Amino acid sequence: MSLIRQNLQAITATIVATAQESGRQPDSVQLLAVSKTFGPEAVLEAVEAGQRAFGENYLQEGLDKIRAVQETGAPALEWHFIGPIQSNKTRPIAENFAWVHTVEREKIAQRLSEQRPAGMAPLHICLQVNISGEASKSGVAPEEVAELAHKVAALPNLTLRGLMAIPEPAVEFAQQRAAFARLRALYEQLRADGLALDTLSMGMSADMRAAIFEGATIVRVGSAIFGARNYNKV
């Protein structure tokens, strides 16, 4: 059995156990395999193990990987863009990805809407929230989320699905949960305001369990599946 298959089985078991421990159905949490810095061969190993949703942070690397995997005749995969978005990169994102987790400005959302090709399903959007208020982190400020959410929800060719965050790292489980609870509260407020949201993209390898306890519907896991990253290869 390959190491990637073993890791996927272990992560899936953790998701199932944590969901059950928190009183949730295991199938309410989707595993997004973050394959940045790993080549098509690693993605194909994960595909052989049953994984179908993959997240990419770097646009050109992601585009090259999508094409390389498609050329192998692999099953259709669901590609999520989870990196920072520059205005001049919106078109290839709109043309090649099913989900975008990192929208933080109306201008970016407008461009994604305008550049989504006719005939393709609407692009699924999560707004990235700077939930911990870190100067070094991307994301819309919590107090500005509602205004942006309503604007994005009104755009054609997009479907606003929910919120995403990368909180400030914390070691203690209670601290991890507290940050995710703040994002969940924003999400519930938007739903109360009439937005049909269903997605909380939060939790990574180190804090996935805390995120699931606070309602994560997508957990973004990379190193625990693929191993340590070599950023020199990017």
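Overview of results
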read-out: Which listed residue is in contact with a Ser or Thr (Cβ under 6 Å, 6 or more places away or on another chain), crowded, with 16+ Cβ neighbours inside 10 Å and assigned to a helix (DSSP H, G or I), from V69, V47, V43; value: V43
read-out: Per-region count, the range 15-40, residues farther than 14 Å from I218 by Cα and assigned to a helix (DSSP H, G or I); value: 4
read-out: Boolean, G50 is out of contact with any strand residue (DSSP E or B) (no Cβ under 7 Å at 6 or more places or on another chain) and farther than 20 Å from A121 by Cα; value: yes
read-out: Verdict on S201 being surrounded by fewer than 18 Cβ atoms within 10 Å (Cβ to Cβ) and closer than 30 Å to A10 by Cβ; value: no
read-out: Residue within the range 206-218 that is part of a helix (DSSP H, G or I), among the aromatic types (F, W, Y), crowded, with 22+ Cβ neighbours inside 10 Å and within 18 Å of the chain's Cα centre (by Cα) present; value: no
read-out: Residues located in the range 97-143, provided they are under 14 Å from the mean Cα position of the chain (by Cα) and at positive phi; value: G139
read-out: Residues of the range 97-144 satisfying the condition of being under 20 Å from T199 (Cβ atoms) and in a helix (DSSP H, G or I); value: E106, I108, A109, L112, S113, P142, E144
read-out: Filtered residue count, the range 25-35, keeping only those that are of a type outside the set (D, E) and out of contact with any helix residue (DSSP H, G or I) (no Cβ under 7 Å at 6 or more places or on another chain); value: 3
read-out: Residues located in the range 153-179, provided they are surrounded by 14 or more Cβ atoms within 10 Å (Cβ to Cβ) and either without any contact (Cβ under 8 Å) to a residue 40 or more places away in the chain or among the charged types (D, E, K, R) (or both); value: T159, L160, R161, L163, A165, I166, E168, A170, Q175, Q176, R177, A178
read-out: Selection within the range 103-152 - small (G, A, S), in contact (Cβ under 8 Å) with a residue 24 or more places away in the chain and either over 18 Å from I85 (Cβ atoms) or in contact with a Pro (Cβ under 9 Å, 6 or more places away or on another chain) (or both); value: S113, S132, S138, A146
read-out: Selection status of E188, part of a loop (DSSP other than H, G, I, E, B) and among the acidic types (D, E); value: no
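Bear in mind these aren't lab numbers, they're just calculated from the coordinates by the rules spelled out. All of these numbers come straight from a predicted model, not from anything done at the bench. All Cβ positions, even for glycine, are placed from backbone atoms using ideal geometry, and neighbour counts span all protein chains on display.
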